[in-house]
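Down below is the structure, laid out as structure tokens.
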Amino acid sequence: MKPDSIELAIELNEMNSSRRGFFRAVSRGVTQSIEEPQAVINASRPLGAVEEELFNRLCNQCGDCVTACPQGVLSMQANGPIMDLSLNHCNFCTECIAVCPTQALNMLNTTDTGWRPTFSQSCNARLFGNCQECVDDCPKQALTLLDNDTPTLHDNCNGCGECLASCYIGAITLVEKR
Ligand code: SF4
Ligand code: SF4
Ligand code: SF4
């Protein structure tokens, strides 16, 4: 069932970080916020998406976020909008959040897509020591190289996905942050 008012959407959104809190609130008829709102990361959705179960209640699949994304990383699927960083990187412009009419996307998380690069054993830096394309292209300087190893990923990675396109042999795969 989709919420039928912005007020309800906002109240639901305030509970987005806690599944337990969410269900307790639903059982109470969504009359009050009982948890402090916290940022969540829902990597498969556009930037700023609330937790998946709540997202499915709030998103009306209008497609406005898909249209607004200047990077073309969002597409509408049968289950709603998804982010695909194999198409391009996310530049954190927050245009998708700005146009969302239902609070399915919100400003609690605007700094992390939730994706992280992993490196295959075919990485040329590991095999031959003759490549640092992804290291050079990372806008956060979140990658460093050691001799005879794949790049080391640091905590300041924001999951933008730029490194994916940097690797000309396809040795990088993005996975959801754990
Ligand atoms: S923040 Fe910008 S680039 Fe990233 S998904 Fe949203 S609209 Fe697209
Ligand atoms: S703009 Fe919001 S409500 Fe519309 S499809 Fe995107 S996430 Fe769903
Ligand atoms: S996802 Fe972005 S921030 Fe993270 S390592 Fe790749 S280029 Fe750097």
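The values are calculated or read from the model by the stated rules, or taken from the named source; none is laboratory data. These figures come from a predicted structure and were not determined experimentally. Here the Cβ positions follow ideal geometry from the backbone for every residue, glycine too, while neighbour counts run over all protein chains shown.
Within the stretch 82-121, the set of residues being surrounded by 21 or more Cβ atoms within 10 Å (Cβ to Cβ) and away from ligand 3 (no atom under 16 Å from the Cβ) comprises 96, 97, 100, 102, 103, 104, 105, 106. Residues that are more than 14 Å from residue 116 (Cα to Cα) and among the aliphatic types (A, V, I, L, M) were ranked within the stretch 136-152; the one that is nearest to ligand 2 (Cβ to nearest atom) is 145. Listed by first and then second residue, the pairs with beta-carbon distance under 8 Å, at least 6 apart or on different chains, first residue in the stretch 89-100 and without any contact (Cβ under 8 Å) to a residue 40 or more places away in the chain, second within 16 Å of ligand 3 (Cβ to nearest atom), are 93/71. Looking at the stretch 114-121, is at least one residue within 14 Å of the chain's Cα centre (by Cα), within 24 Å of residue 39 (Cα to Cα) and assigned to a loop (DSSP other than H, G, I, E, B)? Yes, because at least one residue in the stretch 114-121 is within 14 Å of the chain's Cα centre (by Cα), within 24 Å of residue 39 (Cα to Cα) and assigned to a loop (DSSP other than H, G, I, E, B). Restricting attention to the stretch 97-120, the residues being more than 11 Å from ligand 1 (Cβ to nearest atom), in contact with a Leu (Cβ under 8 Å, 6 or more places away or on another chain) and farther than 21 Å from residue 140 by Cβ number 3. All of (1) part of a loop (DSSP other than H, G, I, E, B); (2) of a type in the set (Ser, Thr, Tyr); (3) within 15 Å of ligand 2 (Cβ to nearest atom) hold for residue 111 with one exception: (3). If you go through the stretch 163-177 and keep only what is closer than 19 Å to residue 82 by Cβ and surrounded by 19 or more Cβ atoms within 10 Å (Cβ to Cβ), you end up with 164, 174. For the structure I just gave you, tell me whether residue 96 is closer than 25 Å to residue 39 by Cβ, in a helix (DSSP H, G or I), within 21 Å of the chain's Cα centre (by Cα) and at pLDDT 95 or above. For residue 96, the condition - closer than 25 Å to residue 39 by Cβ, in a helix (DSSP H, G or I), within 21 Å of the chain's Cα centre (by Cα) and at pLDDT 95 or above - is met.
For the condition of a type in the set (Val, Ile, Thr) and within 16 Å of ligand 3 (Cβ to nearest atom), what is the one hit in 40, 50, 73? None of the others qualify; the one that does is 73.
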